[in-house]
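Here is the structure we will look at, set down as structure tokens.
The values are calculated or read from the model by the stated rules, or taken from the named source; none is laboratory data. Note that this is a predicted model, so its numbers are computed, not measured. Backbone-built Cβ (ideal geometry, glycine too); neighbour counts: all protein chains shown. Please note that ligands, DNA and RNA were not included when accessible areas were found on the heavy atoms of the full protein model with its side chains. Shrake-Rupley method; radii C 1.70, N 1.55, O 1.52, S 1.80 Å.
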2 protein chains.
Amino acid sequence: MPRTVRNILFIMFDQLRWDYLSCTGHPHLQTPHLDRLASKGLRFTNAYVQSPICGSSRMSFYTGRYVQSHGAQRNNFPLKVGELTLGDHLREVGMDAFLVGKTHMEADAKGLERLGIAPDSLIGARVSECGFDVVVRDDGLWTEGPDGAYDPRPSPYNEYLAAKGYNSRNGWTEHANAVTLEDGEITSGWFMKYIDRPANVAEEDSETPWLTSRAIDFLTEPGRDDHRWLCHLSYIKPHWPYVVPAPYNTMYGPGQVLPPVRSDDEKRDPHPVFDAYMQTLVARSFSRQEVREKAIPSYMGLIKQADDQMGRLFAELERAGRMEDTMIVVTSDHGDYLGDHWLGEKNFFHDCSVKIPLIIYDPRPEADFTRGQTCDALVEAIDLAATFIEAAGGEIPSHIVEGRTLNGLLHGKSSENWRNVVISEMDYSTTPIAERVGVTHRDARLFMAFDGRWKLVHAEGGMPPMFFDLQSDPEELIDLGRDPAYESERARLYEHLHAWARRLSQRTAISDRELDAMSGKFLRRGILLGLFDGSEVPQENLSTIPARPGNNV
Amino acid sequence: MPRTVRNILFIMFDQLRWDYLSCTGHPHLQTPHLDRLASKGLRFTNAYVQSPICGSSRMSFYTGRYVQSHGAQRNNFPLKVGELTLGDHLREVGMDAFLVGKTHMEADAKGLERLGIAPDSLIGARVSECGFDVVVRDDGLWTEGPDGAYDPRPSPYNEYLAAKGYNSRNGWTEHANAVTLEDGEITSGWFMKYIDRPANVAEEDSETPWLTSRAIDFLTEPGRDDHRWLCHLSYIKPHWPYVVPAPYNTMYGPGQVLPPVRSDDEKRDPHPVFDAYMQTLVARSFSRQEVREKAIPSYMGLIKQADDQMGRLFAELERAGRMEDTMIVVTSDHGDYLGDHWLGEKNFFHDCSVKIPLIIYDPRPEADFTRGQTCDALVEAIDLAATFIEAAGGEIPSHIVEGRTLNGLLHGKSSENWRNVVISEMDYSTTPIAERVGVTHRDARLFMAFDGRWKLVHAEGGMPPMFFDLQSDPEELIDLGRDPAYESERARLYEHLHAWARRLSQRTAISDRELDAMSGKFLRRGILLGLFDGSEVPQENLSTIPARPGNNV
């Protein structure tokens, strides 16, 4: 059993595509700090999220459970009281769990009330924050509309901007996510026409550096080393609005925008759900080259800024000696279509949306075997919870956590007997897509099963599936979902999906170990079923009941 | 919308076969009191439990959810904190929920502790008792062995016997479930050789009359009518040990024992799980005619006694005027093989195990259309929770309760658009069966899908299914699970099973109504995704952001 890690720094970016780092092959972006972490750790090339949307994906990361298991199917659907999280598991082995940044957690207020748990009690607060102790919670969506704010919490980022002298009621909207036009006028960063312009905020006050500073404050707080910790440092960027301050707004231009991965064939007789996604405003926008040429350089600038902030953070970790005892993970909650497949945003299952970058730096000597290498095993987001619990010295609660530990792969063990299919899910019930497709809310659900070559997308509601062969069609341009030639391959992927759907996911109140201890024990607790005269069982088992002498012969 | 019922009397017997009442066709048993209830209510002829084992079946009755959804897979597996129950739902509409008898509930002690809920607080006690306020809790299994008691609680029934002067430490073992031999000696009722002999207890002090008296005490308690109530009157009998006091022990004999439903063909190349069940001690016992000739008359005596107690109870209800305002339900948690198919006990999916008697008397005038009739719609145990909530005046929380209301059927509505398949499950992980079959605990699970004609039994762990055609083979003697001629019928049942397995079962913290209210609302909360220049959305939606005059043209 390898030694344990002392701390875990679990860094998540939001909407960072797997292929927008230099170490994952982007031809124009240079991300030397993340590359350097990859050179000291292991980079996973086939890591997938459990749902390509912020909230549901994160609830899977934090619980180690599939979306169908935890039930927080979509953004702003509460994670129900009773679901256990990383924080619960880690505290059991003496590791604290802190949050610096975003979770997209929606508390189960009704559940708390029903169980008489005060939301501001220690237990209530942790349940409300999906198991974390909050250093700072900032989901990074401080936007407002005529019906009010998307996120009704007080905004620590807006408070920071106000304290720094930014003169606005909502600095996120008016400064950090607005741009300065040539004439000095400002306008919202929602208008992509202008997002080649610099954000209306000093670079050091923009969201990524601000959160990095909060993380450094956390790391350097006196007494921080008194207890072991996991710190979830969770950035909003490069998530939209795609606005970046100078000088990052000018680092990339239309010349660095890769051509979209799409084909006209995709629009001929498309799958009904894919078709409905293609009709959304964001998809139509990102299908326009002028939008891509504004948004993508800005998106790249945000990533470059993020990488620079990683440099700042990693320097601090080295200075403090934390590279010796701290596991560092960098990942994302999903990707971004950026116009590929005629789509914007995420929410669907092409690799640019559902696949994520994943770098794990493990300080333990056992990981020396894999430093700087890549691993192509099929990894799921839920594996991190299992990995963290085990690395912290705990036993993975396999009756609760559905992910698999990556520690073996980190330490150079073979990936034989590894999983052979990854599953991802999407609930589009509260979107206009459901109405366009004409399905009930309950049927507005998609499942992906991918075995490393074949990708099946099943849609509830009586529709055919989508199906891709990533070996012959790595860009996922040819939907074989209705091609009779692939019937048997589709059936094979459906078998995987259905074995998964039948899985045991809710027997979480009794562990595998406790179950072992129960097995076959009831005879010795007096359940003497099936006896005719007592001769069938050892005499000792009859010692507690009135037995006629001679029954047991 | 029909008027609501004032009270609900939810009577459950344990291990009562669907076909062991005179109204369901038993040729020798006379159960006039239950028959009379059926003549005033509606009798369901195709009602199935969610799992043919006490604890899991009951947790489905009480939560209205499938076993795979609530996770209490097997007896003594805790129902996790957070699962909502009948009591939770009914109290919301002003109806109390009381328990008189058995639930087989195992509290989630770790879950309570983790959430800081004291087990003896009102909330903690209800969570621990699966939502009921306990009048008396008696699971009726007060047996002990060399490793201690099966049920470690204090036994109210043993306290009663002691107070009545029975001189024993454990009256359940030494009196109620022991028999008096001819020479006056007593021996345990576990020995089936002697269970034609009378129980060593006065009839009025045996378990069924004792619990009926507790129910009558409940009904007649001063102030009982001040609040609306559901009373779950839940008997242990005719569950084993098959011991009955005089005069019921002599009412039936070998001449009234029906021949076993079984064939030698069932033993030729049987399904591995069926085979393992056939090898259990209880199965081997019940395969012997001498065991059947002892146990079945006693089982019938227990049912006859139960029916007489129903007469006593119903008379009390009539006297108190409760037939006017109280819905009365009589059912069972599963059946009993009694030697059919070479098996004893339950735990498997032949109708004698998984199908239950179900009589519902609805006092409302709308139910006059169906009085005395039968209904052959495919009913699941989880339907009762939905039925009760609606009959009490509540809205069925369809995001939590997976059952369907029976009120429409009770009121003569057509069963068109009714479900076309029932699902049942079995987890045999803690039994010796798992070892015999050679599957892991996690794979020790079975699923049944039955569409009214075809019955599929799927076994995890790479085994073939079992498959029966109840039209050509109503006794379920011919397993077609490996017959190539039935491939397409099996595939059709598998489709049903898998559509069920993919169902949405854990999105319980947000209601369908709340979800409707969220749909498509984020644009008006400032999520302005996909704008190029603002011309894409109504001007009003831009009112809260800095917008350059003229963006929106």
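Among A:Asp443, A:Asp473, which is within 30 Å of A:His341 (Cα to Cα), surrounded by fewer than 19 Cβ atoms within 10 Å (Cβ to Cβ), at pLDDT 95 or above and more than 10 Å from every other protein chain (Cβ to nearest Cβ)?
On the way: A:Asp443 fails: more than 10 Å from every other protein chain (Cβ to nearest Cβ).
Step by step, each of A:Asp443, A:Asp473 is checked, and only A:Asp473 is within 30 Å of A:His341 (Cα to Cα), surrounded by fewer than 19 Cβ atoms within 10 Å (Cβ to Cβ), at pLDDT 95 or above and more than 10 Å from every other protein chain (Cβ to nearest Cβ).
State whether the residues of the stretch A:288-307 include one that is open to solvent by 30 Å² or more (accessible area, probe 1.4 Å) and in a loop (DSSP other than H, G, I, E, B).
yes
Could you say which residue among B:Ser287, B:Ser263 is closer than 25 Å to B:Met426 by Cβ and within 14 Å of another protein chain (Cβ to nearest Cβ)? Step through it out loud before you land on a result.
Working: B:Ser263 fails: within 14 Å of another protein chain (Cβ to nearest Cβ).
Matching residue, one of B:Ser287, B:Ser263: B:Ser287.
Name the single residue that is least open to solvent (accessible area, probe 1.4 Å) among those in the stretch A:202-224 being farther than 17 Å from A:Leu99 by Cβ and touching an Asp or Glu at 6+ places or on another chain (Cβ under 9 Å).
Here is the first cut: in the stretch A:202-224, the ones farther than 17 Å from A:Leu99 by Cβ are A:202-206, A:209, A:220, A:222-223.
Keeping just the survivors that are touching an Asp or Glu at 6+ places or on another chain (Cβ under 9 Å) gives A:209, A:220.
Details: A:Pro209: 4, A:Thr220: 74 Å².
Here the residue is A:Pro209.
Take the conditions basic (Lys, Arg) and assigned to a loop (DSSP other than H, G, I, E, B) and apply them to A:Arg65. Does it pass? Even if it seems obvious, please write down each step before you answer.
Working: basic (Lys, Arg): yes; assigned to a loop (DSSP other than H, G, I, E, B): yes.
Considered against the rule, which asks whether it is basic (Lys, Arg) and assigned to a loop (DSSP other than H, G, I, E, B), A:Arg65 comes out as yes.
Within the stretch A:113-132, track down each residue that is in a helix (DSSP H, G or I) and at the interface with chain B (Cβ under 9 Å from one of its Cβ atoms).
Hits for the stretch A:113-132 are A:Arg114, A:Leu122, A:Ile123, A:Gly124, A:Val127.
If a residue has to be open to solvent by 20 Å² or more (accessible area, probe 1.4 Å) and either farther than 20 Å from A:Ala444 by Cβ or not charged (D, E, K, R) (or both) to count, how many in the stretch A:90-119 make the cut?
To start, the set of residues in the stretch A:90-119 that are open to solvent by 20 Å² or more (accessible area, probe 1.4 Å) comprises A:91-94, A:96, A:98, A:106-107, A:109-110, A:113-114, A:116, A:118-119.
Next, from what is left, pick out any that are either farther than 20 Å from A:Ala444 by Cβ or not charged (D, E, K, R) (or both): A:91-94, A:96, A:98, A:107, A:109-110, A:113-114, A:116, A:118-119.
Summing the residues that are open to solvent by 20 Å² or more (accessible area, probe 1.4 Å) and either farther than 20 Å from A:Ala444 by Cβ or not charged (D, E, K, R) (or both) in the stretch A:90-119 gives 14.
Go through the stretch A:218-244 and report how many residues are free of Cβ contacts under 8 Å to residues at least 60 places away in the same chain and over 30 Å from A:Gly393 (Cβ atoms). Break it down into steps so the answer makes sense when it comes.
In the first step, residues of the stretch A:218-244 are kept if they are free of Cβ contacts under 8 Å to residues at least 60 places away in the same chain; the result is A:221-226.
Still in the list and also over 30 Å from A:Gly393 (Cβ atoms): none.
Within the stretch A:218-244, residues that are free of Cβ contacts under 8 Å to residues at least 60 places away in the same chain and over 30 Å from A:Gly393 (Cβ atoms) number 0.
Would you confirm whether any residue within the stretch B:31-48 is touching a helix residue (DSSP H, G or I) at 6+ places or on another chain (Cβ under 9 Å), away from chain A (no Cβ under 11 Å) and either farther than 28 Å from B:Thr370 by Cα or in a loop (DSSP other than H, G, I, E, B) (or both)?
There is at least one residue in the stretch B:31-48 that is touching a helix residue (DSSP H, G or I) at 6+ places or on another chain (Cβ under 9 Å), away from chain A (no Cβ under 11 Å) and either farther than 28 Å from B:Thr370 by Cα or in a loop (DSSP other than H, G, I, E, B) (or both).
Table: residues versus (1) modelled with pLDDT of 95 or more; (2) loosely packed, with under 15 Cβ neighbours inside 10 Å; (3) farther than 16 Å from B:Tyr277 by Cα.
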position	(1), (2), (3)
B:Arg436	yes, no, no
B:His458	yes, no, no
B:Gly462	yes, yes, yes
B:Leu477	yes, no, no
B:Gly481	yes, no, yes
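For the list (1) in contact (Cβ under 8 Å) with a residue 40 or more places away in the chain; (2) surrounded by fewer than 17 Cβ atoms within 10 Å (Cβ to Cβ), I need the number of the one condition that B:Asp269 fails.
Unmet for B:Asp269, out of (1) in contact (Cβ under 8 Å) with a residue 40 or more places away in the chain; (2) surrounded by fewer than 17 Cβ atoms within 10 Å (Cβ to Cβ): (1).
Out of curiosity, is B:Tyr494 in a helix (DSSP H, G or I), within 26 Å of B:Gln68 (Cβ to Cβ) and within 9 Å of another protein chain (Cβ to nearest Cβ)? Full working, then the answer.
Working: in a helix (DSSP H, G or I): yes; within 26 Å of B:Gln68 (Cβ to Cβ): yes; within 9 Å of another protein chain (Cβ to nearest Cβ): yes.
Against the criterion (in a helix (DSSP H, G or I), within 26 Å of B:Gln68 (Cβ to Cβ) and within 9 Å of another protein chain (Cβ to nearest Cβ)), B:Tyr494 qualifies.
How about the stretch A:364-396: which of its residues are more than 20 Å from A:Ser69 (Cβ to Cβ), among the β-branched types (Val, Ile, Thr) and buried (at least 16 other Cβ atoms within 10 Å of the Cβ)?
A:Thr370 - this is the single residue of the stretch A:364-396 that is more than 20 Å from A:Ser69 (Cβ to Cβ), among the β-branched types (Val, Ile, Thr) and buried (at least 16 other Cβ atoms within 10 Å of the Cβ).
Exactly one of (1) closer than 30 Å to A:Arg364 by Cα; (2) not assigned by TED's automatic domain parsing to the domain that holds A:Asn347 is unmet by A:Thr430. Its number?
(1)
Hey, any hits in the stretch B:72-85 for a residue that's assigned to a helix (DSSP H, G or I) and facing chain A (nearest Cβ under 9 Å)? Let's see the steps before the verdict.
Narrowing the stretch B:72-85 to residues assigned to a helix (DSSP H, G or I): none.
No, there is no match, as no residue in the stretch B:72-85 is assigned to a helix (DSSP H, G or I) and facing chain A (nearest Cβ under 9 Å).
Does B:His89 count as in contact with a helix residue (DSSP H, G or I) (Cβ under 8 Å, 6 or more places away or on another chain), farther than 26 Å from A:Gln68 by Cβ, within 14 Å of another protein chain (Cβ to nearest Cβ) and touching a residue at least 24 places away in the same chain (Cβ under 8 Å)? Before you say what the answer is, go through the steps one by one.
Working: in contact with a helix residue (DSSP H, G or I) (Cβ under 8 Å, 6 or more places away or on another chain): yes; farther than 26 Å from A:Gln68 by Cβ: no; within 14 Å of another protein chain (Cβ to nearest Cβ): yes; touching a residue at least 24 places away in the same chain (Cβ under 8 Å): yes.
It is false that B:His89 is in contact with a helix residue (DSSP H, G or I) (Cβ under 8 Å, 6 or more places away or on another chain), farther than 26 Å from A:Gln68 by Cβ, within 14 Å of another protein chain (Cβ to nearest Cβ) and touching a residue at least 24 places away in the same chain (Cβ under 8 Å).
So in the stretch B:315-337, with the set limited to residues that are open to solvent by less than 10 Å² (accessible area, probe 1.4 Å) and either part of a helix (DSSP H, G or I) or aromatic (Phe, Trp, Tyr) (or both), which one is nearest to the other protein chains (Cβ to nearest Cβ)?
Among them, the one singled out is B:Tyr337.
For (1) surrounded by fewer than 24 Cβ atoms within 10 Å (Cβ to Cβ); (2) on the phi < 0 side of the Ramachandran plot; (3) more than 15 Å from the chain's Cα centre (by Cα), each residue gets a yes or a no:
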residue: A:Met59; (1), (2), (3): no, yes, no
residue: A:Arg65; (1), (2), (3): no, yes, no
residue: A:Asn75; (1), (2), (3): yes, yes, no
residue: A:Gly131; (1), (2), (3): no, no, yes
residue: A:Lys164; (1), (2), (3): yes, yes, yes
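Kindly indicate whether A:Pro2 is more than 16 Å from the chain's Cα centre (by Cα), at pLDDT 95 or above, open to solvent by 10 Å² or more (accessible area, probe 1.4 Å) and farther than 19 Å from A:Leu446 by Cα.
Values: more than 16 Å from the chain's Cα centre (by Cα): yes; at pLDDT 95 or above: no; open to solvent by 10 Å² or more (accessible area, probe 1.4 Å): yes; farther than 19 Å from A:Leu446 by Cα: yes.
No.
On the basis of being assigned to a helix (DSSP H, G or I) and at pLDDT 95 or above, does A:Glu366 make the cut? Quick ask: steps written out before the conclusion?
Details: assigned to a helix (DSSP H, G or I): yes; at pLDDT 95 or above: yes.
When the stated conditions are applied, A:Glu366 passes them.
Please go through the stretch B:504-528 and give me each residue that is open to solvent by 30 Å² or more (accessible area, probe 1.4 Å) and either part of a helix (DSSP H, G or I) or modelled with pLDDT of 95 or more (or both), ordered by number.
B:Asp512, B:Arg513, B:Glu514, B:Asp516, B:Ala517, B:Met518, B:Phe522, B:Leu523, B:Arg524, B:Arg525
At pLDDT 95 or above, more than 30 Å from B:Ala434 (Cα to Cα) and of a type outside the set (Ser, Thr, Tyr): does that describe B:Ala107? Steps first, answer last, please.
On the way: at pLDDT 95 or above: yes; more than 30 Å from B:Ala434 (Cα to Cα): no; of a type outside the set (Ser, Thr, Tyr): yes.
No: the conditions fail for B:Ala107.
Would you say B:Thr374 is in the same structural domain as B:Trp229 (by TED's automatic domain parsing) and assigned to a strand (DSSP E or B)? Reasoning before the result, please.
On the way: in the same structural domain as B:Trp229 (by TED's automatic domain parsing): yes; assigned to a strand (DSSP E or B): yes.
So B:Thr374 passes the test.
Condition (residue is out of contact with any strand residue (DSSP E or B) (no Cβ under 6 Å at 6 or more places or on another chain) and within 11 Å of chain B (Cβ to nearest Cβ)) applied to the stretch A:447-460: is it met by at least one residue?
No: the stretch A:447-460 contains no residue that is out of contact with any strand residue (DSSP E or B) (no Cβ under 6 Å at 6 or more places or on another chain) and within 11 Å of chain B (Cβ to nearest Cβ).
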